[in-house]
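What follows is a single structure, written as structure tokens, with notes after it.
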Amino acid sequence: MEIRDWILISSAIIVVAGWFVNSYLSRRHEMAKKRTEHRLEALRSFLPVWFSLQNSEKPFEEDKGLVQKLATARSNFHLYGYKDEIETIEKFIAAVESGNASEANDTLKVLVPLVRNRVRRELGISA
């Protein structure tokens, strides 16, 4: 084999390797984008709950859809949330279900900044 043949073979190997590396990195990037979309959907699903709680003295009596909004947020957190988010939303829901308003408010004071900071971080928004 001549040197020209070795150059041709090595060039082909480099091209094929580059193609595989590019495909692998593109796949990782697309998966990261999809993961971020789902995470943001999960975190944003809490916003209607938060708005209802902020705009009313008796949110569960005045907003008949609040229970459904809370159920949607809960399922999204369970699907796409991190462990601390799931534990915090479960604590909040348990406090709401038991009627313990002070514990619900305390948990809400933890949950809201947690969600806000995660959304901002995942969108790349600085404080």
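Just how many pairs of Lys in the chain have C-alpha atoms closer than 17 Å, counting pairs that are eight or more places apart or on different chains? Show your work: numbers first, answer last.
Values: K58/K69; K69/K91; K83/K91; K91/K109.
The result is 4.
Pick from N22, N76, N55: which residue has the top mean-square fluctuation in a GNM of the chain where Cα pairs under 10 Å get a spring?
Looking only at N22, N76, N55, the biggest GNM fluctuation is shown by N22.
E37 label point, 7 Å along Cα→Cβ, cut-off 19 Å on backbone N: hits in region 63-78?
76-77, by backbone N distance to the label point.
Mind checking the angle between helix 101-123 and the chain's longest principal axis? C-alpha axes, 0 to 90 degrees, to the nearest 10.
20
So which residue, out of V21, V67, V115, gets the largest mean-square fluctuation from a GNM of the chain using Cα contacts under 10 Å as springs?
Its mean-square fluctuation being the largest, the pick is V21.
Determine the order of E62, E41 by accessible area, beginning with the largest, at a probe radius of 1.4 Å. Numbers along the way, then the final one.
Working: E62 125, E41 85 Å².
Of E62, E41, the descending order of accessible area is E62, E41.
For a bin width of 10 Å, list the pair-distance distribution of region 45-86 built from all Cα-Cα distances, rounded to whole %.
Reading the bins upward from 0: 32, 46, 21, 1.
Take the Cα of H78, step 7 Å along the line toward its Cβ, and report every residue of region 21-53 whose backbone nitrogen sits under 20 Å from that point.
Residues 38-50 qualify, since their backbone N sits under 20 Å from the label point.
Any idea what angle helix 66-80 forms with the longest principal axis of the chain, computed on alpha-carbon atoms, 0 to 90 degrees, nearest 10?
The two axes meet at around 30 degrees.
Restricting the calculation to Cα positions, tell me the Rg (one decimal) and the Dmax (whole number) of the chain in Å.
Cα-based Rg and Dmax for the chain come out at 24.0, 85 Å.
Once the other residues with Cβ under 12 Å from the Cβ of A32 are scored (Lys, Arg +1; Asp, Glu -1), what is the net sum? The partial results should precede the final answer.
On the way: positive: R27, R28, K33, K34, R35, R39; negative: E30, E37, E122.
For residues surrounding A32, the net value is +3.
Over the chain, with a Gaussian network built from C-alpha contacts below 10 Å, which listed residue (G65, G18, G81) shows the highest mean-square fluctuation?
Result for the chain, Cα springs under 10 Å: G18 fluctuates most.
The values are calculated or read from the model by the stated rules, or taken from the named source; none is laboratory data. As the structure is a computational prediction, the values presented were derived from the model and not from experiment. With ideal geometry, Cβ positions are generated from the backbone for all residues, glycine too; neighbour counts draw on all protein chains shown. Just so you know, the surface numbers come from the protein's heavy atoms only, side chains and all, with ligands and any DNA or RNA stripped out. Shrake-Rupley method; radii C 1.70, N 1.55, O 1.52, S 1.80 Å.
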